[in-house]
1. If you take the residues in segment 107-123 that are modelled with pLDDT under 95 and of a type in the set (A, V, I, L, M, F, W, C), which one is farthest from ASP168 (Cα to Cα)?
2. Might you check whether a residue that is part of a helix (DSSP H, G or I) and either buried (at least 23 other Cβ atoms within 10 Å of the Cβ) or within 19 Å of the chain's Cα centre (by Cα) (or both) occurs anywhere in segment 60-76?
3. Among ARG141, ARG94, ARG108, ARG132, which is the only one that is in contact with an Asp or Glu (Cβ under 7 Å, 6 or more places away or on another chain) and among the basic types (Lys, Arg)?
4. Are any residues in segment 194-243 outside any strand (DSSP E or B) and charged (D, E, K, R), and if so, which ones?
5. Return yes when ALA209 is of a type outside the set (Ser, Thr, Tyr), at pLDDT below 95, farther than 26 Å from HIS15 by Cβ and out of contact with any strand residue (DSSP E or B) (no Cβ under 6 Å at 6 or more places or on another chain) and no when it is not.
6. Please give the number of the condition SER54 fails out of (1) over 25 Å from ARG22 (Cα atoms); (2) surrounded by fewer than 22 Cβ atoms within 10 Å (Cβ to Cβ); (3) of a type in the set (Ser, Thr, Tyr).
7. Let me spell it out: the conditions are (1) closer than 15 Å to ILE80 by Cβ; (2) under 26 Å from the mean Cα position of the chain (by Cα), and VAL136 meets all of them except one. Which number is the exception?
Amino acid sequence: MVAEVKCNRIGVRLHGGLSPARCLELGAAAEANGFTSVWFAENPFHRGVLPAVSALAATTSQIRIGIGVVNPYNRHPSLIAMEFGALDELSDGRAVLGLGAGIAAQVRRMGFDYRPLAALRDSIDILRGLLRGDNVTYQGRAFSVDGVALGFRPPRPDMPIYAASMGDRSLELCGRLADGLIVSNMCPPAYSERAICIVQSSAAAAQRAPLDIVQYVPCVARADRREACRVAKGVIGEMLSAFWPVNADWPAIRETIVALSGIPKTDVVGALERLRRGEPPVKVLDDRFVAAFAIAGDARDCQAAAERYRRAGVNELVLTFAGGQPLVDMAYLGAALNGANRASAPRP
């Protein structure tokens, strides 16, 4: 059974494809427009996000600041503890740590033996001890430390640790160890509901509190709903081409996502073939793809789509504002969300 959704939070996702100056501009706009958080996605060999994150922490006062995700191969768990402890000091307790095992091909290019479940387990165990101020000795399958302690006391020894997980075993591990789950882009609400059930059941079996659920979703919010859907189809087309294998022999997780998208696999395969031949996404993809993989349309459409994720058990939607006018779109949707929140607030 899906855990009860306790709040309706909407955040903004930024990433290493943006310059630090642009991240600062968009992060400041997110706070000004009433969004609850800014999450920075970091991928190997792109821009590191800590410079932009640190600058935003120093120039904002209210918005939560998350990194989702860092991996323990680029940064050893001891370095993650050092950096996030300092970031939490700088942000006055607004930092959120998102941890993932990394992308297999990129990890192997760095010369590491890729062990995703062991890496996640070892990292969380080491991080917990270091952030508490312990002297940590830990022998793991992926990462180990011997008599390591931080030279300062982080302001929050119980800093929440979120994990990005997709496969069933990883979701079960997340429920046992993490404080929150990050659901990736290109995951339709029905998949999210399934993943959340696995995580929350695992947490309950371990006698832990329900996890907080964050989900990334691309978004195009405009008064012109046709234009919004057109832009969304372009983004979805890029992601489909990047994330799905060329042949139809997909990993089990991709099979599950498509099975729960409401789109027959034959239609997805056909769309991928056409996209890879260079046909424009607006001609290849119909509205089923937008409904499954994005939030797009006018403010009312976006609010209705967000409600589908809330019903699935998502506590916080984190939106990537796609297209060429993210500041305008962010202001448009932020005004609608703030108006809805004021209308629903209890009167004194």
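The values are calculated or read from the model by the stated rules, or taken from the named source; none is laboratory data. What you see is a predicted model, and the numbers here were worked out from it, not measured in a lab. Every residue, glycine among them, receives a Cβ derived from its backbone with ideal geometry; neighbour counts consider all protein chains shown.
1. So the residue we want is MET110.
2. Restricting attention to segment 60-76, the residues satisfying the condition of being part of a helix (DSSP H, G or I) are none.
So far as segment 60-76 goes, no, none of its residues is part of a helix (DSSP H, G or I) and either buried (at least 23 other Cβ atoms within 10 Å of the Cβ) or within 19 Å of the chain's Cα centre (by Cα) (or both).
3. Working: ARG94 fails: in contact with an Asp or Glu (Cβ under 7 Å, 6 or more places away or on another chain); ARG108 fails: in contact with an Asp or Glu (Cβ under 7 Å, 6 or more places away or on another chain); ARG132 fails: in contact with an Asp or Glu (Cβ under 7 Å, 6 or more places away or on another chain).
None of the other options fit; the residue is ARG141.
4. Filtering segment 194-243 down to residues outside any strand (DSSP E or B) leaves 194-211, 222-243.
Of everything in segment 194-243, those that are outside any strand (DSSP E or B) and charged (D, E, K, R) turn out to be ARG194, ARG208, ARG222, ASP224, ARG225, ARG226, GLU227, ARG230, LYS233, GLU238.
5. Values: of a type outside the set (Ser, Thr, Tyr): yes; at pLDDT below 95: no; farther than 26 Å from HIS15 by Cβ: yes; out of contact with any strand residue (DSSP E or B) (no Cβ under 6 Å at 6 or more places or on another chain): yes.
No: the conditions fail for ALA209.
6. (1)
7. Looking at each condition in turn, VAL136 falls short on (2).
Yes/no per residue for (1) under 19 Å from ASP301 (Cβ atoms); (2) free of Cβ contacts under 8 Å to residues at least 40 places away in the same chain; (3) among the aromatic types (Phe, Trp, Tyr); (4) buried (at least 24 other Cβ atoms within 10 Å of the Cβ):
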{"position": "GLU193", "(1), (2), (3), (4)": "no, no, no, no"}
{"position": "ALA205", "(1), (2), (3), (4)": "no, yes, no, no"}
{"position": "VAL214", "(1), (2), (3), (4)": "no, no, no, yes"}
{"position": "ALA221", "(1), (2), (3), (4)": "yes, no, no, yes"}
{"position": "GLU227", "(1), (2), (3), (4)": "yes, yes, no, no"}
{"position": "ILE236", "(1), (2), (3), (4)": "yes, no, no, yes"}
